[in-house]
Amino acid sequence: MGATTRRIAALALLMTVGTIAVAAEGRTFNPDREYDRLAWSDVEDRFGPVPAAGQDVTVGAVLKTLTNPYWQAVRAGYEEAAAAHGVTVEARAADNEADADRQAVVGDSILANSDILLVSPLTDQNLAPLARKARRGGVTVLNVDDAVLPDADHYIGKVQYDSGALAAAWFMENFPEGGKVAIIEGARSAYAVRRRTGGFSETLSRAGRRFSVVRVESGNWERGLARSLAADILQAHPDLLGFYCHNDTMALGVVDAVKTAGRHGKTMVVGTDGTAEAYDAIARGDLAATVDGLPRLLGVLAVETSLRLLAGQNLPRVVITPQVLVTQETAGQYREADTATLRRLLMP
């Protein structure tokens, strides 16, 4: 591990430790700042091994969309944990990341057969009626990452603010002289979007006047839209130092625009999610880095958390899962790791 990677890893640890003890603020649920929380790595020490599942347990799972590799990997984690613990997972998703109504419909279709429901909403509100219906029927709801139900009883996922902060730390470490940067956000109706932008912008602001965020645009999680937005931004700011993108799908669209503008190697792109295509782009030198949310491990941890809840364990409201900044220097280490290896690598 090189010096740059060690410094960024140290910052990541500092951010995670520093946010664990922050009290909740305001009325709207904010997992990043919730007091009643526990890091994934401390759950077994406090509550013991994952309890054995009862007979014929079905975990219902409502994913954002299976057209996105990140959510495909989360589903793979659900299936891995289900096989390991002898339960059934029924996972369904919206057709795309814009169809919030359809996501609610597919969620309702699996609720009756679910002993517990894992939800990853497209917006902060679209699955709220489904969650209320589940509670009335005695079904516990576990919010898994990304958009957040305003009154979620339980949440598992990464600190979204830290996703942006890690990307900012990469720019600060590699370009101490600063420069102009732009942000390509996801859909602004999602909690994760607001927190990632805040983490990136506020962390950069600590560098004083060296960095300036010249544009913040919503690519709505779409590659084509992100490409068009990036082309427009590069035309207005041909000396742009870099882009921070809220997912790898958009980041790869931005890479296309950077190449077309003749800025390859000059305008840097940092993505989010850690998809296989992003790892390929990092290996080629097209993508500078990605903040890998380790989605398959997230899926495993979510099912394990659901079994603890079904067993009646008094878990904290929030369980925080890991994420890592991936560059060419570290890509091999994380890409080749299965979930058991990741546990060993990331356990404090």
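The values are calculated or read from the model by the stated rules, or taken from the named source; none is laboratory data. Since we're looking at a predicted model, the values are computed, not measured. All Cβ positions, glycine included, derive from the backbone under ideal geometry; neighbour counts span all protein chains shown. Calculation scope for accessible area: heavy atoms of the full protein, side chains included, ligands and nucleic acids excluded. Shrake-Rupley method; radii C 1.70, N 1.55, O 1.52, S 1.80 Å.
Quick look at the values:
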quantity	calculated
Residues being at pLDDT 95 or above and open to solvent by less than 50 Å² (accessible area, probe 1.4 Å) - total across the stretch 48-63	10
Every residue from the stretch 136-163 that is assigned to a strand (DSSP E or B) and open to solvent by 10 Å² or more (accessible area, probe 1.4 Å)	T140, H154
Pairs with Cβ under 7 Å, 6+ apart, first in the stretch 325-348 and under 22 Å from A81 (Cα atoms), second acidic (D, E) and open to solvent by 40 Å² or more (accessible area, probe 1.4 Å)	T339/E80
Residue in the stretch 78-103 that is most open to solvent (accessible area, probe 1.4 Å), counting only those that are in a strand (DSSP E or B) and either among the charged types (D, E, K, R) or in contact (Cβ under 8 Å) with a residue 60 or more places away in the chain (or both)	R92
Per-region count, the stretch 289-324, residues farther than 17 Å from R344 by Cα, open to solvent by 20 Å² or more (accessible area, probe 1.4 Å) and of a type outside the set (D, E, K, R)	6
Strands (runs of 3 or more DSSP E) (entirely within the stretch 249-348) containing at least 1 residues that are under 19 Å from P49 (Cα atoms)	318-320
Qualifying residue in the stretch 190-202 (condition: within 23 Å of L229 (Cβ to Cβ), modelled with pLDDT under 95, polar (S, T, N, Q) and open to solvent by 10 Å² or more (accessible area, probe 1.4 Å))	no
The stretch 120-129, residues that are under 22 Å from the mean Cα position of the chain (by Cα) and either open to solvent by 70 Å² or more (accessible area, probe 1.4 Å) or not β-branched (V, I, T) (or both)	S120, P121, L122, D124, Q125, N126, L127, A128
Failed item in (1) closer than 24 Å to P31 by Cα; (2) in contact with a strand residue (DSSP E or B) (Cβ under 6 Å, 6 or more places away or on another chain), with D124 passing the rest	(2)
Matching residues in the stretch 164-198 - criterion: being in contact with a His (Cβ under 7 Å, 6 or more places away or on another chain) and either free of Cβ contacts under 8 Å to residues at least 12 places away in the same chain or outside any helix (DSSP H, G or I) (or both)	K180, I184, E185, G186
Within the stretch 246-284, tally of residues that are open to solvent by 40 Å² or more (accessible area, probe 1.4 Å) and within 17 Å of N174 (Cβ to Cβ)	5
All positions within the stretch 230-245 that are open to solvent by less than 30 Å² (accessible area, probe 1.4 Å) and outside any loop (DSSP other than H, G, I, E, B)	A230, I233, L234, G242, F243, Y244, C245
Residue in the stretch 35-56 that is within 20 Å of L301 (Cβ to Cβ), touching a Ser or Thr at 6+ places or on another chain (Cβ under 7 Å) and part of a helix (DSSP H, G or I) present	yes
